[in-house]
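Engineer: I have a structure I would like to understand better, so I am pasting it below and will then ask my questions one at a time.
The values are calculated or read from the model by the stated rules, or taken from the named source; none is laboratory data. What you see is a predicted model; the values in this text were computed from it and never measured. A quick note on method: Cβ atoms are made from the backbone with ideal geometry, for glycine too, and the neighbour counts reach across all protein chains shown. The accessibility values were calculated without ligands, DNA or RNA, using every heavy atom of the protein model including side chains. Shrake-Rupley method; radii C 1.70, N 1.55, O 1.52, S 1.80 Å.
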2 protein chains.
Amino acid sequence: MSEKSIPYKIYLSEDEIPKQWYNVRADMKNKPAPLLNPATLQPMGFEDLRPVFCDELIKQELDDTTAYIDIPQEIRDFYKMYRPSPLVRAYCLEKALGTPAKIYYKFEGNNTSGSHKLNSAIVQAYYAKKQGLKGVTTETGAGQWGTALSMASAYLGIDCKVYMVKVSYEQKPFRREVMRTYGASVTPSPSMETEIGKKINAEHPGTTGSLGCAISEAVEVATKTEGYRYVLGSVLNQVLLHQTVIGLEAKAALDKYGVTPDIIIGCAGGGSNLGGLISPFMGEKLRGEKDYRIVAVEPASCPSFTRGKFAYDFCDTGMVCPLAKMYTLGSNFIPSANHAGGLRYHGMSPILSQLYHDGYMEARSVEQTAVFEAAEQFARVEGILPAPESSHAIRAAIDEALKCKETGEEKTILFGLTGTGYFDMVAYQKFNDGEMTDYIPTDDELNKSFATLPKVEI
Amino acid sequence: MSEKSIPYKIYLSEDEIPKQWYNVRADMKNKPAPLLNPATLQPMGFEDLRPVFCDELIKQELDDTTAYIDIPQEIRDFYKMYRPSPLVRAYCLEKALGTPAKIYYKFEGNNTSGSHKLNSAIVQAYYAKKQGLKGVTTETGAGQWGTALSMASAYLGIDCKVYMVKVSYEQKPFRREVMRTYGASVTPSPSMETEIGKKINAEHPGTTGSLGCAISEAVEVATKTEGYRYVLGSVLNQVLLHQTVIGLEAKAALDKYGVTPDIIIGCAGGGSNLGGLISPFMGEKLRGEKDYRIVAVEPASCPSFTRGKFAYDFCDTGMVCPLAKMYTLGSNFIPSANHAGGLRYHGMSPILSQLYHDGYMEARSVEQTAVFEAAEQFARVEGILPAPESSHAIRAAIDEALKCKETGEEKTILFGLTGTGYFDMVAYQKFNDGEMTDYIPTDDELNKSFATLPKVEI
């Protein structure tokens, strides 16, 4: 098909919304390591996980052999509210860069949660409802995941309790209000409603909270309240599975125009967006059918892949959640306060960690002023104000496109534009005012954090 | 075509983006009255308007006979960044209401400006650039229009100076930062940069500004600065013309599925969205080809159509802009401080005013707590957090759908969902906290304001 015929935005029809998720673990020779019980350090099975997670989601979490898993029709109907998401040919960005590269991005921000998080939120809320539960609990930091879960819960008519890191609760009142508009109860964490919240408030009076603490509160409430379960927006295998709708749609749209990407780029925090985008391409690579360069982009201030250890670690700072084998900076690691936006998690999806460890993908870290420069350039020519998280992928995509400009290579670049930055204007203001700075943790800092890694032999 | 086959979202292809705007004035027997010079009260021609507006836009402003006006290819290319916008079948809302009515909405919020305003911003910026100008000036209140113009200006590489009502500048810092990210200069109004700003600051120390004052400042800077012109986001004939892409796309999408709306609903502030949505349908009605019920919805706190006078009035409080014949509450009218969101303009598009006066459309006013109830209900089932402005149309659409539930009629309702409410969370918070109240101006208040209408005999 001729170049000219590729539109700015490739939309699939609603019939083309994937009917199955693709489980990349089925094609991995080295499977991701099992979750461990934080008390016994033994692998956790279905029964061990039941107090925390919904049954069907545990099955998905543990299933590393079934390649395709059906998407229930009710979920596909919900997806129709905002999917298929557009695959955009970045003609304007290409022109602005003067690059021979062809740039595509899969845009997941055209829904009120403002990101890809909704793709998994609806699934987790759906299975909770199907199991006859009353509601779900979760934590949220910046608020994207909490918003997505609130939307999904409102749609299905189940209860949603969000523990929001206190400093975000106070500094991001607008995110909080979106969640409340969708009927969620939003509690600043640490609260006085849970044992762990009371304990932390007593030990650290005036604390503004952390994601680790909020997770522990949400898990405590889920396990102690009849009819509730805990849900999580990233890292877990099940979440990556749900997010494969991103990659499956992107691939179908490219296939329709006979386009094969050379480089696939995504930002990486917990790994859900990146994993979802790359899964179907990675599958081809694992099966030896095709080759792609796959690049994870992370903040230099929270460099799990590029400077972390591949080891078992706690998923939360409260150490109540299962341990996962992953690239980690240590569960005590907290990124510098100057770091704006998300991608603050100390660990990384076990699936992606294994793939990276086995050499199937690259990783690079970028500094935040360079990220916001890319964000601004992108916003001005492509008309979408990107989330700071997504802008990590934009930075890397622009860098690759500029390399092509030097070499004259007409590479095809695909990246994931996970969301919009409408609730991140404090960070943009810093950038606009020239007050944004970079921070890279020292080796000493990382070594101190690594020293807290649990001793696990399995 | 069978009911089942209508998707949730009807997307036209990029080729189907309209190639011409439709100028409804060509089909009106009673044309809208001409603009008058504020000093002489005489009708203004091309030369009179040149110091303020771009030449091509003046032609469009004055042309009431050409039915179709070509859209330049460069503008259509820009439209491809976010158009065609989806026409959504509100299956989930219909189900939640239990109505036999079929509800469709044309969603204009899927772009970073968050509203339909971008449709005209790009046109006005384009003609300014084509005329060799350096830049454009404008005013903004809540910030939607300023954001749209900033985006269009950044894309075309021209300068954009926005005068933002001081109270909004301070209370809506995020909107301001979006504009700055797009390279606009944003000045709180009244400023000390203009004669009128200095005068107002001297007369009213500590004033937090008004839209009327910001308009006057923007016009002063445009007329006094070499290479600049003033642009406006609503009310003017040219703006309605540009916004007909909304209605043309909506009609094309419905035609594709053989659907004819019975009722067409839009919110009305200055009238640009409503005028754009209804124009092609109104054309059929004016030519006697088809009949539609067309309903304008306005806030009870700013009821230009339902309680205003059809008379010549100033478009700004500074009285530097041309006078227009329109439904108006008087240029001194300021809606109650309890009124959240936009739709605060004292007047109304002269085109729509004439059509309403001639009986071609209805108008109704709604109170804001009822509007936010509709907004919340819509958000929870349709997954889009609507702008307060757009929610006026939602309120009326729900009311019509509930009437159908009573009568059993299967009417088809089309409404305009102009934008998203991400920057309106202060208003949502008020609603969530049960602190939102209603206000309806008394007859005395309106009569006082009407007393300031200029005496014009023409």
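Engineer: Would you work out which of A:I334, A:L355, A:A370 lies farthest towards the positive end of the dipole of the stretch A:330-397? Charges go on Cβ: Lys and Arg +1, Asp and Glu -1.
Structural biologist: A:I334
Engineer: Which one, B:S210, A:A121, A:V245, is farthest towards the positive end of the dipole of the protein assembly as shown when Lys and Arg carry +1 and Asp and Glu -1 on their Cβ?
Structural biologist: A:V245
Engineer: When the accessible area of the stretch A:145-303 is computed with all protein chains present and a 1.4 Å probe, what percentage of it is carbon and sulfur?
Structural biologist: Numbers: 2270 of 4600 Å².
It is 49 percent, rounded to a whole number.
Engineer: Can you list the HN-Hα couplings for the stretch A:233-238, worked out from phi with the Karplus curve (6.51, -1.76, 1.60; θ = phi - 60°), rounded to whole Hz and with x for Gly and Pro?
Structural biologist: x, 7, 6, 5, 4, 4
Engineer: So, with a 1.4 angstrom probe, what is the percent of accessible area on the stretch B:315-402 that is carbon and sulfur? Display every interim value, and only then the final one.
Structural biologist: Values: 1140 of 2310 Å².
Percent of accessible area from carbon and sulfur atoms in the stretch B:315-402: 49.
Engineer: Still on this structure, please answer the following. Name the residue farthest towards the positive end of the dipole of chain A from the options A:T317, A:V259, A:L286, assuming +1 on Cβ of Lys and Arg, -1 on Cβ of Asp and Glu, about the Cα centre.
Structural biologist: A:V259
Engineer: Assuming R0 = 30 Å, what is the FRET efficiency of B:F46 and B:K134, from their Cβ-Cβ distance, to the nearest 0.05?
Structural biologist: Values: r = 22 Å, r/R0 = 0.74.
Calculated value: 0.85.
Engineer: Residue by residue, what Karplus-based ³J(HN,Hα) values in Hz, rounded to whole numbers, does the stretch A:385-394 have, using 6.51, -1.76 and 1.60 with θ = phi - 60° and x for Gly and Pro?
Structural biologist: 7, x, 5, x, 4, 4, 5, 4, 5, 4
Engineer: Quick check: the angle from helix B:118-130's long axis to the longest principal axis of chain B, C-alpha only, nearest 10 degrees?
Structural biologist: The angle comes out near 40 degrees.
Engineer: Excluding same-chain residues fewer than 8 positions from A:K448, which lysines have a Cα within less than 22 Å of its Cα?
Structural biologist: Hits, sequence-local ones excluded: A:K309, A:K325.
Engineer: Restricting to chain A, compute how many DSSP beta bridges are antiparallel as a %, nearest 5.
Structural biologist: Details: 18 of 51 bridges.
Around 35 percent antiparallel, to the nearest 5.
Engineer: If amide hydrogens are placed 1.01 Å from N in the peptide plane, which non-local residues have theirs closer than 5 Å to the one on A:I10?
Structural biologist: The answer is A:L87, A:V88, A:R89.
Engineer: While we're here: If each of B:L402 and A:D15 carries a label point 7 Å out from its Cα toward its Cβ, how far apart are those two points in nm?
Structural biologist: 3.8
Engineer: Grab the other residues whose beta carbon is less than 11 angstrom from that of B:L49, score K and R as +1, D and E as -1, and report the net. Walk me through the numbers on the way to the answer.
Structural biologist: Values: positive: B:R50, B:K59, B:R229; negative: B:E47, B:D48, B:D55, B:E61.
With Lys, Arg at +1 and Asp, Glu at -1, the neighbours total -1.
Engineer: Still on this model: Excluding same-chain residues fewer than 8 positions from B:K411, which lysines have a Cα within less than 28 Å of its Cα?
Structural biologist: Once the sequence-local lysines are set aside, what remains near B:K411 is A:K80, B:K4, B:K9, B:K95, B:K102, B:K106, B:K251, B:K256, B:K285, B:K290, B:K403.
Engineer: With charges only on Cβ, +1 for K and R and -1 for D and E, what is the dipole size of the stretch A:103-217 about its Cα centre, in debye, rounded to 20? Before the final figure, lay out each step's value.
Structural biologist: Working: 13 positive and 9 negative charges, 55 e Å.
The dipole of the stretch A:103-217 has a size of about 260 debye.
Engineer: Can you list, shortest first in nanometers, how far B:K199 lies from the same residue in the other copies, with each label 7 Å from Cα toward Cβ?
Structural biologist: Ordered by increasing distance: 7.0 nm.
Engineer: What does the charge count around A:I200 come to, taking other residues whose C-beta lies under 14 Å from its C-beta (Lys +1, Arg +1, Asp -1, Glu -1)?
Structural biologist: Working: positive: A:K166, A:K198, A:K199; negative: A:E139, A:E193, A:E195, A:E203, A:E217, A:E220, A:D316.
Overall, the nearby charge balance is -4.
Engineer: With charges set only on the Cβ (+1 for Lys and Arg, -1 for Asp and Glu), what does the dipole of the stretch A:1-80 come to about its Cα centre, in debye to the nearest 20? Don't skip to the answer; put the middle values down first.
Structural biologist: Numbers: 10 positive and 15 negative charges, 69 e Å.
Using only the charged Cβ atoms, the result is roughly 340 debye.
Engineer: Using θ = phi - 60° and the Karplus relation 6.51 cos²θ - 1.76 cosθ + 1.60, list the HN-Hα couplings for the stretch B:263-272 in order, rounded to whole Hz, with x at every Gly or Pro.
Structural biologist: Result, ordered by residue: 10, 10, 10, x, 7, 9, x, x, x, 5 Hz.
Engineer: Residues of the stretch A:412-458 with accessible area at least 50 Å² lower in the all-protein-chain context than alone (1.4 Å probe)?
Structural biologist: Residues passing the criterion (a loss of at least 50 Å², heavy atoms only) are A:Y422, A:M425, A:Q429, A:N432.
Engineer: Measuring from label point to label point, each 7 Å out along Cα→Cβ, what is the A:A39 to A:E226 span in nm?
Structural biologist: Those two pseudo-labels are separated by 2.3 nm.
Engineer: May I pose another question? Once label points are set 7 Å from the Cα along Cα→Cβ at both B:E410 and B:A67, what is their separation, rounded to one decimal in nm?
Structural biologist: Output for this residue pair reads 3.3 nm.
Engineer: Between A:D27 and A:A370, what length comes free when the chain is fully extended (0.36 nm per residue of separation minus the Cα-Cα distance, one decimal in nm)? Kindly include the intermediate steps, with their values, before the conclusion.
Structural biologist: Working: separation 343, 0.36 × 343 = 123.48 nm, distance 3.60 nm.
Full extension of this stretch gives 119.9 nm more.
Engineer: In straight Cα distance, which aspartates and glutamates are under 15 Å from A:K224, not counting same-chain residues fewer than 8 positions off?
Structural biologist: Of all the aspartates and glutamates, those that pass the test against A:K224 - Cα under 15 Å, at least 8 places apart if same chain - are A:E193, A:E195.
Engineer: Against the longest alpha carbon principal axis of chain A, how many degrees, from 0 to 90 and to the nearest 10, is the axis of helix A:144-156 turned?
Structural biologist: 80
Engineer: Relative contact order (percent) for the stretch B:186-287, with alpha-carbon contacts under 8 angstrom and 6 or more residues of separation? Could you put the intermediate results ahead of the total?
Structural biologist: Working: 97 pairs, mean separation 21.9, N = 102.
Relative contact order, the stretch B:186-287: 22 percent.
Engineer: Here is a follow-up. Once the label point is placed 7 Å from Cα along Cβ, list for A:I440 the distances to the corresponding points in the other copies, in nm, shortest first.
Structural biologist: 6.7
Engineer: Let me ask you something else. Give me the dipole magnitude in Debye, nearest 20, for the stretch A:225-371 about the Cα centre, with unit charges on the beta carbon: positive for Lys and Arg, negative for Asp and Glu.
Structural biologist: Numbers: 12 positive and 13 negative charges, 16 e Å.
With only Lys, Arg, Asp and Glu charged at Cβ, the dipole is about 80 debye.
Engineer: Still on this structure: For chain A, what is the relative contact order in percent, using Cα pairs closer than 8 Å and at least 6 residues apart in sequence? It would help to have the intermediate numbers written out before the result.
Structural biologist: Working: 988 pairs, mean separation 87.6, N = 458.
Worked out over chain A, it gives 19 percent.
Engineer: Could I ask something else about it? Go through the stretch A:380-402 and flag every residue whose accessible area shrinks by 10 Å² or more with all protein chains in place compared to the isolated chain (probe 1.4 Å).
Structural biologist: Flagged in the stretch A:380-402: A:R380, A:V381, A:E382, A:G383, A:L385.
Engineer: Related question: How much net charge surrounds B:G419 when only other residues with a Cβ under 9 Å from its Cβ are counted (Lys, Arg +1; Asp, Glu -1)?
Structural biologist: Values: positive: B:K117; negative: B:E108, B:E389.
So the surrounding residues net to -1.
Engineer: What are the residues whose amide H is under 5 Å from the amide H of B:G419, where those residues sit 5 or more places off or on another chain and H is modelled from the backbone?
Structural biologist: B:E108, B:A387, B:S390
Engineer: Using a 1.4 Å probe on the protein heavy atoms only, what accessible surface does B:H392 show? Give it in Å² to the nearest 10.
Structural biologist: For B:H392, solvent-accessible area is about 10 Å².
Engineer: Between B and A, buried accessible area summed over both sides at probe 1.4 Å, in Å² to the nearest 100?
Structural biologist: Values: alone 17580 and 17600 Å², together 31240 Å².
Looking at B and A, the buried total is near 3900 Å².
Engineer: Taking the DSSP beta bridges in the protein assembly as shown as the whole, what percent of them are antiparallel, to the nearest 5? Kindly include the intermediate steps, with their values, before the conclusion.
Structural biologist: Values: 36 of 102 bridges.
The antiparallel proportion sits near 35 percent.
Engineer: Now, a different point. Could you do me a favour and compute the accessible area per residue for the protein assembly as shown, 1.4 Å probe, result in Å²? If you can, show how the numbers build up before the last one.
Structural biologist: On the way: 31240 Å² over 916 residues.
About 34 Å² of surface per residue is accessible.
Engineer: Additional query: State the cysteines of chain A left without a partner when partners are defined as other cysteines whose beta carbon lies under 4.7 Å away.
Structural biologist: Singleton cysteines: A:C54, A:C92, A:C160, A:C213, A:C267, A:C302, A:C404.
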